[in-house]
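Okay, so here's the structure we're looking at.
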């Protein structure tokens, strides 16, 4: 009796498509994370003279009130903080180094 040898080869043509879908999912997740993460805003307006820290909403940098870069912050991007805990999502300025 003759035996027949059968070879099955399955080509997966979707490898590139799956990679593109995964990349799109990561990009979308990152976009949603940053779009939905609102900058922290104090519950009540803070007197600028009482602020211990000044933040820049645009650059997400945190400054001391006497930092030379505070004068360069646009008025629409200025945010005042009375404690560093309120500004935890802001990075410290490399010049004035708020601690």
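Listing 53, 33, 69, 80 from the residue with the fewest other Cβ atoms within 10 Å to the one with the most, what is the order?
Details: 53 22, 33 9, 69 16, 80 19.
Lowest to highest Cβ neighbour count: 33, 69, 80, 53.
For the stretch 48-92, what size does the Cα cloud have along each of its three principal axes, sorted from largest down, in whole Å?
Taking the Cα atoms of the stretch 48-92, the three principal extents are 24, 21, 17 Å.
Among 81, 31, which comes first, second and so on when ranked by fewest other beta-carbon atoms within 10 Å? Let's see the in-between values first.
Numbers: 81 20, 31 10.
In increasing order of surrounding Cβ atoms, one gets 31, 81.
We did not get these values from a lab; they are worked out from the coordinates using the rules stated. Bear in mind the structure is a predicted one, so any value in this text is a computation, not a measurement. A quick note on method: Cβ atoms are made from the backbone with ideal geometry, for glycine too, and the neighbour counts reach across all protein chains shown.
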